[in-house]
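A quick write-up on the structure given underneath.
The values are calculated or read from the model by the stated rules, or taken from the named source; none is laboratory data. Since the structure is predicted, the reported quantities are computational estimates derived from the model, not experimental observations. Here the Cβ positions follow ideal geometry from the backbone for every residue, glycine too, while neighbour counts run over all protein chains shown. Just so you know, the surface numbers come from the protein's heavy atoms only, side chains and all, with ligands and any DNA or RNA stripped out. Shrake-Rupley method; radii C 1.70, N 1.55, O 1.52, S 1.80 Å.
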Amino acid sequence: MSRSGDILGIIRGLQLVVEAAAKLHSSELKHIWTNSNYRVLIQDCINQSRTNSNNVTNIVSETADRVTTVCHGLKEYASNASPKDGYYQNLNDASKELKQAQRAESDRAQFQIKLTKSDQELLKKLDLEHQEKLRKLEMEQREKSEQEKVKKQDEEKQKVESKSQMTTSPNPKSKLKLSEHSKQRKVPSSRIGRMLSFGGLAAGLGFGTATEYAKRTFGFGQSADPSTLFLNPNNLDRIVDTLCKVRGAALKLGQLLSIQDDTVINPELAKALERVRKSADFMPNWQVEQVMSVELGPNWRSQFSEFDEKPFAAASIGQVHWGRIRDGREVAIKIQYPGVAKGIESDIDNLGGIMKFWDVFPKGMFLENLMRVAKRELAWEVDYRREAECTRTFRRLLAPYSDYYVPEVIDELSTNQVFTTELLDGVPVDQFDMPPEDRRFIAEKIIELCLLELLEFRYMQTDPNWANFLYNPRKKQIMLLDFGASREYSKPFMDQYVKILKASCDADRETVLQVSRELGFLTGYESKVMEDAHVDAVMILGEVFRCADAYDFAAQDMTARIQNLVPTMVTHRLCPPPEEVYSLHRKLSGVFLLCSKLKTSVSCRDKFLSLYSKYTKSM
C-alpha cells in the first residue's frame with residue numbers, strides 16, 4: 001500500500017511539473033509574440049488589406065477579362081496550329097519542306113487573337129510608357145557616365161594635391177570602413193544558439209577532415225603532409241565563417257592568435273586567422289534597434305539629430321555607428337553584440353576544446369593559460385562602463401602632452417552595452433603612403449607613448465590594433481580610441497620588468513637571465529639551449545634601446561631573428577610566462593611592427609634612459 005501511494009505521489013508530482021512547464025512556456029510565448037516584430041508586420045498587412053478592400057472587386061473583374069481573352073487565344077491557336085492525321089506521311093523531302101512552309105504561312109494568316117478595345121488602349125499606353133522609360137534610362141545612364149568621369153578627374157586631382165600638401169591641408173573627419181568581406185548577419189545571442197554554432201563547426205571540421213582523407217587516399221588531393229588533413233582550405237573557411245558569425249570572445253581569441261608567428265602555428269591557419277582579424281559581420285538593423293531600445297530606452301532616437309543605420313566599423317565585441325547629437329557634435333556610438341558578455345566562458349571553452357582536440361597548437365604555447373588570461377581580459381572589454389572610466393583616465397594622464405588626444409565620453413549616451421564618444425578628426429596611421437616627416441612623427445610618438453605607459457603611468461592600452469590610432473596632420477596629433485583593453489600593472493611586477501629592459505639596453509645577459517627567473521619567465525631548471533634562446537630574444541628587442549643613433553625600423557630584421565628562436569622556446573619552455581606579459585608583449589609587438597611598416601627611423605635610447613632615470617627615483 002505504501003509503495004502504491006509513493007507511485008501515485010510521484011505521478012502527481014510529475015503532473016504538477018508538466019502543468020507548471022506548460023504554463024511557463026505559454027507565458028513566454030505570449031511575451032515573445034507581444035514583443036515580436038512579426039506581430040506588428042502581420043497587423044500592418046491586415047490594416048492595409050482592409051484599406052484596399054474597395055479595389056478588390058475591380059482587380060478581380062479586370063483579371064477575369066484578361067484571363068478570358070488569353071484562354072480564347074489559346075483555343076484558336078490549338079484549333080488552327082495542330083496538323084491533320086497523315087499530313088506528313090508519304091512525302092519526299094522536297095515536298096515536305098514546301099508543304100511545311102505553306103502550312104506555316106496559312107497558320108500566320110489564320111491565327112489571330114482578338115483584343116477588346118480596352119486591351120488595345122492598355123497595350124498602346126504600356127508601349128508608350130515603356131518607350132518613355134527607355135528614353136529616361138538612356139539619359140540617366142549618359143548623365144551618370146559624365147558624372148563618374150568628372151568625379152574620377154576630381155579624385156585624381158585631390159589625390160595629387162593631398163600627397164603634396166599632407167601636413168597643411170585641412171583633414172575632414174574620416175570614418176573607418178567595413179571590410180569587403182563583412183556582411184549583415186544576426187548575432188546568435190542565446191547560449192544554445194552559440195553552442196549550436198560551435199557544434200556545427202566541430203561537425204563540419206570532422207566531415208571536412210574525413211573528406212580530405214578520402215580524396216588523398218584515392219589520389220585526388222595533395223598527400224604530402226598528413227598534418228594538413230585538418231587544416232585544408234574548406235576547414236579553414238569553416239573556422240573563419242563561424243568566428244565571424246558568433247563574434248564575441250571566440251572572434252577575439254582568434255584575433256589574438258592571429259598575431260602569433262607562423263613558426264608557432266601552421267602558416268595556413270595563421271592566414272585564416274588574419275582574415276578573422278580583419279573581418280567581422282555586423283548586426284541587422286532590427287537587432288541594433290533592439291539593443292539601443294533596451295540600453296537607452298524606446299525613444300533613444302530622439303537624443304540624436306542624425307544616426308547612420310549602417311556601421312562604419314565592426315569588431316569582435318561590437319560595431320560602431322556615426323551619429324550627430326542635438327548640440328551638433330558628431331559622435332561615434334559603439335553598440336555591443338547581444339549575448340557576447342554572457343558567452344565569454346562557454347565561447348572560449350568551446351573554441352579551445354576544438355583546437356585542443358585537433359592538436360592545432362604546440363604544448364609550449366600553454367593554451368590553457370592563454371585561454372584563462374583571455375577570459376579575464378575579455379570580461380574587462382565587454383564592460384563599457386569600465387571602458388568609459390579607462391578613457392577618462394587616459395584623457396587625464398595625457399592632458400599635459402599636447403601631441404596626443406583622447407576623445408570626450410558622452411556620459412548620457414553610455415551604458416553597459418552602448419559607449420558613445422566624440423568623433424575623432426584623423427586618418428588611420430596605417431596609411432603608409434604619407435610623407436616621410438609624418439611617418440617619422442607617428443612612429444616617434446607611438447614609441448614615446450609606450451614608454452610613458454610603462455615607466456610613468458604603469459597603465460597601458462594593450463590592444464595593438466592599428467585602427468586604434470588616428471593621425472591629424474593639421475594639428476600634428478596622435479588621436480587615441482578604444483580603451484577597453486586598458487590595464488594597470490603592479491609596481492612589484494614593473495620594477496622587475498624595467499630591470500630586464502635596462503639590462504637589455506646595457507647588453508647585460510647575466511642580469512636578464514637572473515631577473516627573468518625572479519619574475520617567472522623561467523623556472524631555473526631549463527636547459528642551456530632554452531636559457532640562451534630566451535636571453536637572445538630579449539637582447540634582440542633591446543637593440544632598439546642600445547642604438548645610439550636613430551634606430552632604422554625599415555632595415556631591421558629582429559622579427560626574422562626572433563622567429564628563428566620561437567621553435568626552440570616553444571619546445572623547451574617549462575612554464576608559461578607571467579600573465580601580465582601576454583597583454584604587454586602583444587602591445588609592444590604591434591608597435592614595433594607598425595614602425596617597421598612606416599619604414600622610418602626613431603631615436604629610442606635617450607627617451608628610454610630619461611624615463612628610466614625618473615622611474616628609478618620612485619623605486
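Descriptive notes on the structure:
- Taking all Cα-Cα distances within the stretch 394-497, those exceeding 18 Å account for 52%.
- Charge dipole (the stretch 440-568, unit charges on Cβ, about Cα centre) - positive-most of ALA533, ILE442, PHE553: ILE442
- Using C-alpha pairs under 8 Å with a sequence gap of at least 6, the mean separation divided by the residue count of the stretch 467-619 gives a relative contact order of 25 percent.
- Normalised by the number of residues in the stretch 393-467, the mean separation of alpha-carbon contacts (under 8 Å, six or more apart) gives a relative contact order of 22 percent.
- 19 Å Cα-Cα threshold exceeded, pairs from LYS445/LYS597; LYS310/LYS475; LYS587/LYS614; LYS475/LYS614: LYS310/LYS475; LYS587/LYS614; LYS475/LYS614
- Estimated at 0.36 nm per residue, the fully extended path between THR616 and ASP506 surpasses their Cα-Cα distance by 38.0 nm.
- Accessible area per residue (1.4 Å probe, heavy atoms of protein chains only) ranks PHE282, PHE432 as PHE432, PHE282, with the largest value leading.
- With the simple model of a label 7 Å out from the Cα in the direction of the Cβ, GLU408 to ARG605 spans 4.4 nm.
- Distance (nanometres) between label positions extended 7 Å along Cα→Cβ at ASN369 and ALA554: 3.9 nm
- What you get for the stretch 360-485, charging only the Cβ of Lys and Arg (+1) and of Asp and Glu (-1), is a dipole of about 340 debye around the Cα centre.
- Probe 1.4 Å, accessible area per residue of the stretch 410-486, Å²: 30 Å²
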